[in-house]
Each structure stands twice: as C-alpha cells, then as structure tokens.
1. Per 0.36 nm of contour for each residue apart, how much would the distance between residue 270 and residue 141 grow if the chain were fully extended, relative to their Cα-Cα spacing?
2. How large is log10 of I(q)/I(0) for region 99-191 at q = 0.18 Å⁻¹ when the intensity is taken from the Debye formula with one equal scatterer per alpha-carbon?
3. If each of residue 180 and residue 225 carries a label point 7 Å out from its Cα toward its Cβ, how far apart are those two points in nm?
4. Exposure proxy check: 233, 70, 217 ranked by fewest other beta carbons within 10 Å?
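Derivation of every value follows stated rules applied to the coordinates shown; laboratory data play no part. Everything quoted here is computed from the prediction, not taken from an experiment. Neighbour counts run over all protein chains shown; Cβ positions are idealised from the backbone, glycine included.
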Amino acid sequence: MCRMLLYKGNQPIQLAHLLTKPAHSIINQSFDSRLRLDTRRPINGDGFGVGWYESEPDPELGAAPCIFTSVTPAWNNMNLIRLADKIKSPLVFAHVRASTAGSVSESNCHPWQFGRLMFMHNGNIADFHLIKRKVQESLTDEIFLTVNGNTDSEWAFAVFLSQLKTPRQAQPFCHSVLKEAMLKTIAKLNAWGKEAGITEASMMNFAVTDGVSVVCSRYISSKTLEAASLYFSSGTRFESFKPGHYKMIKADKREDIVVIASEPLTFEKADWLTIPTNTLVVITSKLNVLMYPIVDEFHNPAPTARAQEQTAVAVVKGEGRDDGARDQQHREVVFVEDSRPLPGVAAADSTENSPAPSPLLAGKQQLQKQQAARVFSAANSTADASSPVLVA
C-alpha cells in the first residue's frame, strides 16, 4: 500500500517541513509505515513523486505543476532532500510507492499531470486486467495517448479526465466540477468491475487538484471493510518546536493550512482527525473544507456494520515519552489504539443549555462525533452526495 500526502495553504511552505523534517514525514513513512492494511509490502521503496505549484503562475510557463519522480527509494535520494530544502509551494502532492500493479519505472510513479491538473492514488483497482479494455474503450484518443505507464492508477486518472468537458482548460475548475468528476470516476470503475464479475474490493483513495482547489476520496468498494487510512489536519501554522517535532498551531478561527495524509505527520494527538470511510473531501479555493458521504451501493451508515476504523496514536516505545522524535538511539515509534474520548464530544453532548458554538467549532465537533462513532451520524444516512459536512 502506498502512502500519500497533500498540503494546501494560504502561504507557501518549504517542502522539507512536509517531506523530510517531521519525525513521521512521508519519507520516514516509506520505510516505517505503521497504518498500512497490506502488511505483505512492509516498505514503500518502488519510487516516489512530488508535485507542486508556483505561488503565482508564470504568464509564459502557465499554471501546470512541476513534478519530480524517481524509482529510487525516497529515503535514499539526496536530490529529493536538496530540492525539499530549497522549494516552497502553497500546494503540494507527495507520494511514496509500493507497487501493486505495473513495473518499477518513472512513468509509473505518482503524481501525474495533465494540463493544470495533478492526480495521485493510494490503493488498487481490483482485478484491473479484467476491465482494462473497457477503460481504454471509454477514452478519447487525446486522453488515451497521454497514458505513458501501465498502472491501474494512471488509467483511473484517464477515466477522471474523461469526465471533464474541457480537461485542458487554462482557467481553474470549479471545485464542484472536480467533485462530480471524481464521483463519476468511482461509479464507472465500480460499474465495470460489477459487469466483469469482480468480487474483490477496490481501494480508491484518490486525490486531484487544479492548483486552486483539491478533491480527495477515502473509499473502498465494500460495505463492511475499512478503506486505506487517511487523516486530516488544519490550522493557521504548521511549525516545528524542536527537531523532528511539529504541531499544527490554531491561533484563531480561520484555517490557513490544510494537510491530508495517509498517516499523521505529527505526534500531537489533537492535531489529526480520521476521515471516515467512503467520504469525499473538498478543499475550496478559500480553504473551506467540506466532507461528503459517498452514497452508492457501498454506503453503510450503520456504526457496527463496517470494520472498525483505525484510531491510532503515536508513542515512543521504551522511554515513557509521548513524542516521536528520532535521536541517535533510534527510539522506536509505534502506533497504539487510542480509546480515549475525543475532546469536546462529551461536553457537547452533556450541556443542553450552553450557547451555540461557532459554525467552525460546530463543524469540528460534528466531525469528532462522527469519528468516535466510526461512521457518519444517522442524520446523514439518507443524505446524498450533495450534502456536505462543513469541517473548516
């Protein structure tokens, strides 16, 4: 199972603060992943990719992202470390690969780019070889010819592009257009799989951006199984308070930073929330974060029907510390089940006459309740995918 990360902020961030410096950065996750579902592939050493956008698009060069990929393991690539120290960007995608389909080659490394769009995937399309011809037949010649690799993920990107009327447009897309294209992509892949008689579940943690807004899914084509892990954090600043240790600073109600990652980058338990299984996350151009339940044949609102979501926290084994810094003794970072009640949930349930919280706080409290229950609340059980939960 791959690991992926995305960052969107009002201000550009040095890539090193996401890729290399945190104790559980995505580079460290490439050899020390603790929340993978497929333990047969213990490391993500089949290549990596990083994509980023300029703060202000160059009039001559356009708004397309810059992408750097390599087949070497991320932890052993000095060029990545050098670039991360010198590049800043307000929107970053990063991906470390553990191959499930396709050879180890640069053309198979995520993310991919088409015009101003960038796309990456964590998971797999089950028995993809059985639907590959159907996928290819659905594409226009232009989109078909853009596929250079042989992964199920890149073909899924091609399907996504086919859902857009003008995939090469120079102007930003409306976030609702990207959202609908993502939902159609998931629906088409499911339909082709059903037609082919495929019973194995597909894991579709997709992420796409046009450099302005972001759409990300945490999804599995099953009513009972858990999707690949995906976490969310937001605040006003993402800062290091000592080497290897970062925290999300929440200085006020506004959200200036949003990070979504397969595994938490920090060991501050309050910084991260689990994105519920079969949910679409939309980050708008204004940094509003919306969560939509994906209501299809695999939508399951019953709390006890789906395998328990992983609610893990990081601790350092052997020293009684609750931080995750690696020192010269290489303390072992482990993830343990977090059974504590989420902050704010009990208080919100027990104070009937307290003043109404702000929309931002109410949205976060609602998400915390959903996380504690492991599913969306019963109120969402009849909602369609146009009914979001406001998170930030």
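1. Values: separation 129, 0.36 × 129 = 46.44 nm, distance 4.79 nm.
Result: 41.6 nm gained on full extension.
2. -0.81
3. Here the answer is 3.1 nm between the modelled labels.
4. Result, fewest neighbours first: 70, 233, 217.
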